[in-house]
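Data block below; observations after.
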Amino acid sequence: MQEELLGASEYEAWLKKFETKKTTDSCYTPAAVYEAVADWAVNEYGLQGRRILRPFHPEGDYEKLEYQAGDVVIDNPPFSILTKIVRFYESKGVDFFLFAPTLTLFSPNAKCSIVTNSTIEYANGAKINTSFITSLDDAKVRTAPELKKAIADAEAAIRAEKPKLPKYIYPS
């Protein structure tokens, strides 16, 4: 019996499934998680009626975006330039509620750090302990158990939608 050989492109595709998922700035937030976070922030800070912006997408340029009075940015920015982003928003007087890695949460630039220590699985497969920084709160540091629960519920719903892989049992 002759074995079927994989072509170069098929072999590359096969190898890709064994690559380690990397944590990069390309950590796009699952829609259910974003909606849970945005809903919580809108309700917690009374943002109803204010324009909510999401400038952090592949073609987005948060610095060139036309901000209006009353705008609020609720988004997951590139973590590598988070300090620069916070400084920019504070200099422009733009309110923000931003995802932030829990390990680097206590930046001297953050007006308020909201600790949730929620493990979010982003679109690239990276699982990152995530909390938030905001200009909307007067506390320097606080917790938000309701937000943590909303994120956990969204993550559970996402996991429930994934197809279940079969479990194989092999004889001894």
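The values are calculated or read from the model by the stated rules, or taken from the named source; none is laboratory data. Keep in mind that what you see is a predicted model, and the values were worked out from it rather than measured. Using ideal geometry, Cβ is built from the backbone for each residue, glycine included, and neighbour counts are taken over all protein chains shown. SASA here: full protein model, heavy atoms, side chains in, ligands and nucleic acids out. Shrake-Rupley method; radii C 1.70, N 1.55, O 1.52, S 1.80 Å.
Ordered from highest to lowest accessible area with the whole protein assembly present and a 1.4 Å probe, L165, L147, L65 read as L165, L65, L147.
Among all stretches of the chain without exposed chymotrypsin sites (Phe, Trp or Tyr not before Pro) (DSSP loop, at most 11 other Cβ atoms within 10 Å), which one is longest? Numbers along the way, then the final one.
Working: sites that count: F18, Y168.
Counting at most 11 other Cβ atoms within 10 Å as exposed, the longest clean stretch of the chain is 19-167.
Label the stretch 33-156 by shape, choosing from rounded, prolate and oblate, from the square roots a ≥ b ≥ c of the eigenvalues of the Cα gyration tensor; if a/c is under 1.5 it is rounded, and otherwise prolate applies when a/b is larger than b/c, oblate when it is not. Since a/c stays below 1.5, the shape of the stretch 33-156 is classed as rounded. Once the GluC sites (Glu not before Pro) in DSSP loops with at most 14 neighbouring Cβ atoms within 10 Å are cut out of the chain, the longest remaining piece is 67-172. For the stretch 41-55, putting each phi into the Karplus relation 6.51 cos²θ - 1.76 cosθ + 1.60 with θ = phi - 60° gives couplings of 4, 4, 6, 5, 10, x, 8, 4, x, 8, 6, 9, 10, 10, x Hz, in residue order, rounded to whole numbers and with x for Gly and Pro. Report the residue, chosen from A160, A36, A123, that carries the largest GNM mean-square fluctuation when the chain is represented by alpha-carbon nodes joined by springs under 10 Å. Ranking A160, A36, A123 by mean-square fluctuation puts A160 first.
Computed log10 I(q)/I(0) for the stretch 39-102 at 0.17, 0.26 Å⁻¹: -0.58, -1.30, from the Debye equation with unit scatterers placed on every C-alpha and solvent omitted.
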